[in-house]
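A.B. asks: The structure's right below; bear with me while I get my questions together.
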């Protein structure tokens, strides 16, 4: 899954982008699409993204296998500016979705509701932006009192030809993990309490609108996988 905020700069009051990634990670080898939108207004900003993983095989076709969306996931975050003198905002957020297992049965990604504070930093020319978020996290039906710490960054180089951006999340969630980093079943499932995920992206901006690049999804105890896993992608992005 691709989970990052691509713009937190006052240079952009509104921005959207659409991304297509081919995931090269162990047990993956499928396409992910992402749509993101960010909008500023007089009292704050709103960010939304939606992911689809095309990882569900339709084996009913005798000639070849289709790959259909097997996971849908969205996040929406709203920040309310607390002061014009201090770059501090109050944030509320919702995360949720669903996925299909190997037999085609739908399973929910637990709804999560978050709230807390966002602190924004930037360079003088806004070519470097950073956000630090400290959030209370309620995972419905699972963790009534969790927390999440999030960092978001965006950096532009070589007259905006090269962009390096992404996010990092660390939160408390008790999980039972069934797979290792090679997507193989564990002999004995493991029990973990913390999750870490980061998805740095590197883009070469061919034009102000079109880019090609890569993403590295690095995680610890995420998605029923025990320990550290890295999943590289190749991708294209169009901003409009």
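The values are calculated or read from the model by the stated rules, or taken from the named source; none is laboratory data. For clarity, every value in this text was computed on a predicted model and none was experimentally measured. All Cβ positions, glycine included, derive from the backbone under ideal geometry; neighbour counts span all protein chains shown.
A.B. asks: Let me spell it out: the conditions are (1) in contact (Cβ under 8 Å) with a residue 40 or more places away in the chain; (2) surrounded by fewer than 16 Cβ atoms within 10 Å (Cβ to Cβ); (3) more than 26 Å from residue 17 (Cα to Cα), and residue 144 meets all of them except one. Which number is the exception?
C.D. replies: (1)
A.B. asks: Those residues that are more than 26 Å from residue 52 (Cβ to Cβ) and crowded, with 16+ Cβ neighbours inside 10 Å, I need them from region 63-86; list them, please.
C.D. replies: Residue satisfying the conditions is 81 alone.
A.B. asks: Being loosely packed, with under 13 Cβ neighbours inside 10 Å and outside any strand (DSSP E or B) narrows it down to one residue among 207, 187; which is it?
C.D. replies: That would be 207, the only listed residue that is loosely packed, with under 13 Cβ neighbours inside 10 Å and outside any strand (DSSP E or B).
A.B. asks: Related question: Restricting the search to region 136-184, which residues are more than 16 Å from the chain's Cα centre (by Cα), within 30 Å of residue 124 (Cβ to Cβ) and in a strand (DSSP E or B)?
C.D. replies: Of everything in region 136-184, those that are more than 16 Å from the chain's Cα centre (by Cα), within 30 Å of residue 124 (Cβ to Cβ) and in a strand (DSSP E or B) turn out to be 155, 156, 157, 162, 163.
A.B. asks: Restricted to region 24-59, and to residues that are touching a residue at least 60 places away in the same chain (Cβ under 8 Å) and either outside any strand (DSSP E or B) or at positive phi (or both), which residue is surrounded by the fewest Cβ atoms within 10 Å (Cβ to Cβ)?
C.D. replies: Looking at residues that are touching a residue at least 60 places away in the same chain (Cβ under 8 Å) and either outside any strand (DSSP E or B) or at positive phi (or both), I get 24.
A.B. asks: Being within 19 Å of residue 26 (Cα to Cα) and either touching a residue at least 60 places away in the same chain (Cβ under 8 Å) or surrounded by 16 or more Cβ atoms within 10 Å (Cβ to Cβ) (or both) is the filter here, so list the residues in region 162-183 that pass it. Outline the logic, then answer.
C.D. replies: Initially, region 162-183 is screened for residues within 19 Å of residue 26 (Cα to Cα), giving 177-183.
Scanning region 162-183 gives 177, 179, 180, 181, 182, 183.
A.B. asks: A further question on this structure: Would you tally the residues in region 105-117 being surrounded by 12 or more Cβ atoms within 10 Å (Cβ to Cβ) and more than 17 Å from the chain's Cα centre (by Cα)?
C.D. replies: Adding up the residues that qualify gives 3.
A.B. asks: If you don't mind, there's one more thing I want to ask. Do we find that residue 11 is modelled with pLDDT under 90 and within 18 Å of residue 197 (Cβ to Cβ) in this structure?
C.D. replies: In short, no.
A.B. asks: Could you check residue 117 against (1) farther than 24 Å from residue 33 by Cβ; (2) modelled with pLDDT under 95; (3) assigned to a strand (DSSP E or B) and say which number it fails?
C.D. replies: Evaluating residue 117 over (1) farther than 24 Å from residue 33 by Cβ; (2) modelled with pLDDT under 95; (3) assigned to a strand (DSSP E or B) leaves (2) as the failure.
A.B. asks: To continue, here is another question. Do the conditions hold for residue 192, that is, is it assigned to a strand (DSSP E or B), farther than 19 Å from residue 147 by Cα and free of Cβ contacts under 8 Å to residues at least 60 places away in the same chain? Reasoning before the result, please.
C.D. replies: Values: assigned to a strand (DSSP E or B): yes; farther than 19 Å from residue 147 by Cα: no; free of Cβ contacts under 8 Å to residues at least 60 places away in the same chain: yes.
Spelling it out, it is not the case that residue 192 is assigned to a strand (DSSP E or B), farther than 19 Å from residue 147 by Cα and free of Cβ contacts under 8 Å to residues at least 60 places away in the same chain.
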